[in-house]
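J.: I am attaching a structure below and will ask some questions about it afterwards.
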Amino acid sequence: MKRWRVLACGLCAALLVLGWVAPAWAFCGFYVSKADTTLFNKASQVAIARDGQRTVITMANDVSGDIKDFAVVVPVPMVLKQEQVHVGDPKVLKRLDAFSAPRLVEYFDANPCQPPMLYDRIMPTAPAAQESFGAAKARSSNALGVTVEAQFSVGEYDIVVLGAKESNGLETWLVQNGYKIPRGAAPLFRPYIRQNMKFFVAKVNLKEFNKAGFEFLRPIQMAYESPKFMLPIRLGMINAGTAQDLVVYILSPKGQAEVVNYRTVNVPSDANVPLFVKSEFGKVYPALFETAYNREGRNVVFREYAWNMGNCDPCSADPLTPEELRQAGVFWMDELSQPQPRPGGRFAPPWMSNTVFITRLHARYTRDKFPEDLVFQETANQQNFQGRYVLTHPYKGEMSCSAGKQYARSLPARFEKEAQTLANLTGWNISDIRKKMNLEQPIPVQWWKKLWNSLFDRYFA
């Protein structure tokens, strides 16, 4: 039997009061590598742009096996019309992923024999702005309690919006009408039916898909207004044998977003790690995330990034342009298309005025640890955060001064601390880490050698 998968990431929306997000200082450093969603198996991506009760959601559709077996079922708060549904550009989700991914940065120690140079820090600027941005009649099946509220096609998708009175009838209707859904879906439909939610159901129109020559399914976008701000994830557990990763990019004009019915915690960050991590970051971050996930009880949502989209420091990718932000659903960009006044009669260019704050949330969920859908709230917190891991290269030049000798003596302890930090973050064996770092266990120094060396340094250094 051919493999198939139902991606069921749905959403509704909650009240969001939004305002200006001021730029803030960050961490600096040289960007080396990033930990994007490609490092995780079975990872789904959803972008939510929200201002007030207006919401635009972008869902990446993941399907394995024959594409004709693909179906997506998404609970939505209302009947969506054809003009409220759009087929998006998959590059936008890739750009959001690249911009917000946890990152590896590196520094280089200065010559300890030379005094540090003072300099004024220059705030990074954003890139220059680019140029902006028939339904069938409803019919019902009385026997099953299912009503087809709307029916239309958008791009390569055939879509119906269903109302249902009871979950068994909805499951039966979907199966009878050729939708490949797993058995036992009825209990998961029930909570949404009790909330009078509708069901957005899409499957691939093979004729349109082949005619357009697409290689992969494009993301579905939906725009609507609702006081609810939530993301139904339980339908995605229908046929999930293992834990699933979900990365949500929330775009807001105000500040950070968080989950209210589960703890939202920052992923471990700002750790100094050994230099060999530069070639193994693709292994390090998944191990780090798994370790943090287990330590937190497997029932938290991790914040991996929170930043104003106008800048980044260090940048793992350029900030999205105004046009790319519109493609991601940021509908309030039009209000910022004109230059904004500044003190002294000057005007800021439009891209400096954008108030798009991105929060990247990463959940790994299972049925037993995530019994409820994700419910979000916005906050006025404009503090920047990023999952950031630091490589620091030691100075290798001539160090004949006393400060240089002291610096050289401090390096073994620093390297050992980096090894212990990596072991704690990843759960890896400390001995294996030391071997990769070429660290040898120090040979005990006899007490009289310490005495003579101390006297020598004191009088002859």
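The values are calculated or read from the model by the stated rules, or taken from the named source; none is laboratory data. Everything numeric here is computed off the predicted structure, so don't read it as measured data. Glycine also receives a Cβ, built like all others from the backbone with ideal geometry; neighbour counts cover every protein chain displayed. SASA here: full protein model, heavy atoms, side chains in, ligands and nucleic acids out. Shrake-Rupley method; radii C 1.70, N 1.55, O 1.52, S 1.80 Å.
J.: Step by step: first the residues of the stretch 205-225, then only those that are over 26 Å from Gly52 (Cα atoms) and part of a loop (DSSP other than H, G, I, E, B), then the one that is modelled with the highest pLDDT. Which residue is that?
T.: Within the stretch 205-225, the subset over 26 Å from Gly52 (Cα atoms) is 205-218.
From what is left, the residues that are part of a loop (DSSP other than H, G, I, E, B) are 205, 213-218.
Details: Asn205: 87, Gly213: 75, Phe214: 73, Glu215: 68, Phe216: 77, Leu217: 84, Arg218: 91.
Here the answer is Arg218.
J.: Restricting to the stretch 190-204, name every residue that is in contact with a Gly (Cβ under 9 Å, 6 or more places away or on another chain) and either in a strand (DSSP E or B) or open to solvent by 70 Å² or more (accessible area, probe 1.4 Å) (or both).
T.: Asn196, Lys198, Phe199, Phe200, Lys203
J.: With a cut-off of at least 2 residues that are in contact with a His (Cβ under 7 Å, 6 or more places away or on another chain) and open to solvent by less than 10 Å² (accessible area, probe 1.4 Å), name the strands (runs of 3 or more DSSP E) lying wholly within the stretch 253-322.
T.: Numbers: elements: 257-259, 263-266, 300-308.
Hits in the stretch 253-322: 300-308.
J.: Among strands (runs of 3 or more DSSP E) lying entirely in the stretch 45-92, which contain 1 or more residues that are modelled with pLDDT under 90, under 22 Å from Asp245 (Cα atoms) and out of contact with any His (no Cβ under 7 Å at 6 or more places or on another chain)?
T.: 71-76
J.: When only residues in the stretch 205-227 that are touching a strand residue (DSSP E or B) at 6+ places or on another chain (Cβ under 6 Å) and hydrophobic (A, V, I, L, M, F, W, C) count, which is most open to solvent (accessible area, probe 1.4 Å)?
T.: Ala223
J.: Which condition number does Ala271 fail, the rest of (1) in contact with a helix residue (DSSP H, G or I) (Cβ under 6 Å, 6 or more places away or on another chain); (2) under 30 Å from Thr355 (Cβ atoms); (3) of a type in the set (A, V, I, L, M); (4) modelled with pLDDT of 95 or more being met?
T.: Checking Ala271 against (1) in contact with a helix residue (DSSP H, G or I) (Cβ under 6 Å, 6 or more places away or on another chain); (2) under 30 Å from Thr355 (Cβ atoms); (3) of a type in the set (A, V, I, L, M); (4) modelled with pLDDT of 95 or more, the one that fails is (2).
J.: Being more than 15 Å from Asp109 (Cα to Cα) and of a type in the set (A, V, I, L, M, F, W, C) is the filter here, so list the residues in the stretch 404-434 that pass it.
T.: Matches in the stretch 404-434: Ala413, Ala419, Leu422, Ala423, Leu425, Trp428, Ile430, Ile433.
J.: Oh, and also: When you scan the stretch 100-109, do you find a residue that is among the small types (Gly, Ala, Ser) and surrounded by fewer than 22 Cβ atoms within 10 Å (Cβ to Cβ), even just one?
T.: no
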